Amino acid sequence: MTSRDHDGPTNDDELLPRLFRALGPAPALPIEMRRAWESTFHNELMRHLSARRQRRNRLVSGCVSIVALVALATYVLREPPLAPDIAAAEVARVALVIGRAESFGARATRALGVGDELGAGQTLRTGPGTLLALRYRDADVRLNSNTVVAFLPTRLQLARGDVYVDSGAARHRGPTVMIETPRGMLAHVGTQFEVSVDDDEVRAAVREGAVAFTSDGDHRTINAADGPTQIVVSATGVTTQRVAGTGALWDWVVAAAPGYVVNGRSADEFLVWATRQMGTQLRYADDAARFHSQTVIMHGNVRPLSVAQGLEVLNATTGLDLDESDPDVLRVSVRRSNP
């Protein structure tokens, strides 16, 4: 907008300088007033600069946070996903569960039942009072209660508890079963053996055959040719000692046997299986008892029976008398008829 006065036309930008010229020089301020004004001006300037600096810092912090979030998102997006359970190939199959046993891996935990397949990389955990039997690498493998073991394609990793392996009475022709423990590796050679791991030591008891043990350059074989033998590995060293082939050490192993279907099988077939589970010798009183046992066929039970159940059925239905008074020998004779 423009205006006119007696000096001629002008505009708004010229009015302020003309006004200051008309007023003349500004009078000098008293010293106290000037200092007060300077102090006030300084304080206001500092407050303005401080506020400006805080706004700048907030902006920088916001930018840094955004950059950090972008970097984290980029890392998460680039990071490969968690590998799924390596279960493409079956390495074991559950044959018996008494109690509760669980299999868990990177993503899932499940309760186990008879017939369930286990893939490489899965870990098994048995609870209190639980027994588990399965087939692994053509061998009979059993887990006691409170046991944690990982099943891998070439070995078992026993972290805690008890594992039993029975690879068969004849020399095992299938893949070797190896058990890795915190204190060394054990491998079977046509064997019945049990391995236990606790906080202080590792113990391996061999009831039949032999076990090769390796730990930090120490290689040795534990052989049961002269009787059941046990190796104990602790922080103080390695010791070997004789143990019983039956009794408390093996009781859980017998209870965890996967069971035997007696229907259509001879009494002798069952007795051979049962005495192997118990670690006892099968001894017939005479040839007549052996012949009777081999020719009598058992019927009726189509479900797997435990060792104790099968012995009870056999004793009650076959006319054979079982003498279990000796823990190391099961003596079998033909029951005499009352006159």
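Please work out if Val313 is farther than 23 Å from Tyr136 by Cβ, modelled with pLDDT of 95 or more and either out of contact with any helix residue (DSSP H, G or I) (no Cβ under 9 Å at 6 or more places or on another chain) or of a type in the set (Val, Ile, Thr) (or both). Judged against the criteria, Val313 is not a match.
Evaluate segment 75-85: report whether one residue or more is in a loop (DSSP other than H, G, I, E, B) and at pLDDT 90 or above. Looking for residues that are in a loop (DSSP other than H, G, I, E, B) and at pLDDT 90 or above, one finds none in segment 75-85, hence no. Return a yes/no flag: does segment 323-335 have any residue that is under 27 Å from Gly129 (Cα atoms) and not in a loop (DSSP other than H, G, I, E, B). The answer is yes; a qualifying residue exists.
Residue selection: Leu249 fails the criterion of being more than 30 Å from Val197 (Cβ to Cβ) and buried (at least 17 other Cβ atoms within 10 Å of the Cβ). Restricted to segment 212-232, and to residues there that are part of a strand (DSSP E or B) and out of contact with any strand residue (DSSP E or B) (no Cβ under 6 Å at 6 or more places or on another chain), the residue that is farthest from Tyr164 (Cα to Cα) is Asp218. Within the set Gly209, Gly190, the sole residue that is part of a strand (DSSP E or B), of a type in the set (Gly, Ala, Ser), farther than 26 Å from Thr123 by Cβ and free of Cβ contacts under 8 Å to residues at least 24 places away in the same chain turns out to be Gly190. Checking every residue in segment 266-283 against the condition of being in a helix (DSSP H, G or I) and in contact (Cβ under 8 Å) with a residue 60 or more places away in the chain gives at least one match. Restricting attention to segment 284-312, which residues are under 27 Å from Ser167 (Cα atoms) and in a helix (DSSP H, G or I)? Arg290, Ser293, Gln294, Val307, Ala308, Gln309, Gly310, Leu311, Glu312, listed by residue number.
The values are calculated or read from the model by the stated rules, or taken from the named source; none is laboratory data. Computed from a predicted structure; not experimentally measured. No Cβ is skipped: glycine too gets one built from the backbone with ideal geometry, and neighbour counts run over all protein chains shown.
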